[in-house]
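What follows is one structure encoded as structure tokens, with my remarks underneath.
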Amino acid sequence: MTSIVMRSAAVAGAAVLVSFLVVLAVGFLSSNLIGLDAWVIGTVCPLLIAGPTSAYMFAQGDRLKAAHRELARAHAQLAVAHRRLSDKASRDDMTGMLNRESFFSALESARGKTGGALLIIDADHFKAINDSYGHLTGDEALLLIAGAIKRAMRTGDALGRIGGEEFAAFLHGADEREAARIAERIRTEVELILFRPMERIVRLTVSIGGALFQETMTLPDLMRSADLRLYEAKRRGRNLVIVGAAVSRAA
């Protein structure tokens, strides 16, 4: 308010000054003596017109600026909320990994650009944990497994939960040797978990099947190839990594 009054007063003062100059110019040009009434009119009219008008305009301008700032703030808050909702919609609620749909969308967009390897990671004997200790304990085991997988992954690779106890990772640009090394690191991290539901130690392990992306492969082909190696790892006794021709197993 004080700012509006000061600015309006400045405008009114400027208007009075201009009015005085106009009166002086008219008197000079007409060579007549300027009367008191001319000076009064030259003072009062600018004050009555310029003061209130400028105050109204300044007040409206300030309101518009405030409304614009509020609108910009609301827009920024909406953008943040939209990003959070979008990120939440793409994530698995329990593990925070990409959900199935988002993982395969990321895989589809990435595999043709960088190449790499797909790993399918499945928790071994997980139904037995649910049956013996209940689903809440099973969820706890899943979170521990998910944490182990995250620790073993490289920065920037895509990681998702694609089923109840099944996870998937796409290793950008990885060759067979690198994919087997990371898969073995995942297997080892899971095996080192100390899981003790009801004061009993339960061993957690995963089986991993991996396939290298080739240019002639479709996404279903890549999944099928990784799944076949996962099934082979299960068939051979679990707690096993098979990526292409590479096999690694705990001693």
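The values are calculated or read from the model by the stated rules, or taken from the named source; none is laboratory data. Computed from a predicted structure; not experimentally measured. No Cβ is skipped: glycine too gets one built from the backbone with ideal geometry, and neighbour counts run over all protein chains shown. Just so you know, the surface numbers come from the protein's heavy atoms only, side chains and all, with ligands and any DNA or RNA stripped out. Shrake-Rupley method; radii C 1.70, N 1.55, O 1.52, S 1.80 Å.
At a glance:
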{"quantity": "From the options Gly164, Gly160, residue that is open to solvent by 40 Å² or more (accessible area, probe 1.4 Å), small (Gly, Ala, Ser), within 21 Å of Gly96 (Cα to Cα) and not in a helix (DSSP H, G or I)", "calculated": "Gly164"}
{"quantity": "Long-range neighbours under 7 Å by Cβ, at least six apart or interchain, first residue over 15 Å from Glu176 (Cβ atoms) and at pLDDT below 95 within the range 217-237, second open to solvent by 40 Å² or more (accessible area, probe 1.4 Å) and acidic (Asp, Glu)", "calculated": "Leu219/Glu108"}
{"quantity": "The range 106-130 - residue that is more than 20 Å from Asn239 (Cβ to Cβ) and of a type outside the set (A, V, I, L, M) and, of those, nearest to the chain's Cα centre (by Cα)", "calculated": "Ser109"}
{"quantity": "Those residues of the range 197-217 which are part of a loop (DSSP other than H, G, I, E, B), of a type outside the set (Ser, Thr, Tyr) and under 24 Å from Gly237 (Cβ atoms), in sequence order", "calculated": "Arg200, Ile201, Arg203, Leu204"}
{"quantity": "All positions within the range 101-129 that are modelled with pLDDT of 85 or more, open to solvent by less than 60 Å² (accessible area, probe 1.4 Å) and small (Gly, Ala, Ser)", "calculated": "Ser102, Ala106, Gly116, Ala117, Ala123, Ala128"}
{"quantity": "Pair list, Cβ under 6 Å, 6 or more apart: the range 92-117 residue over 18 Å from Glu176 (Cα atoms) and touching a residue at least 12 places away in the same chain (Cβ under 8 Å), other residue part of a helix (DSSP H, G or I) and of a type in the set (A, V, I, L, M)", "calculated": "Thr95/Ala146; Glu108/Leu219"}
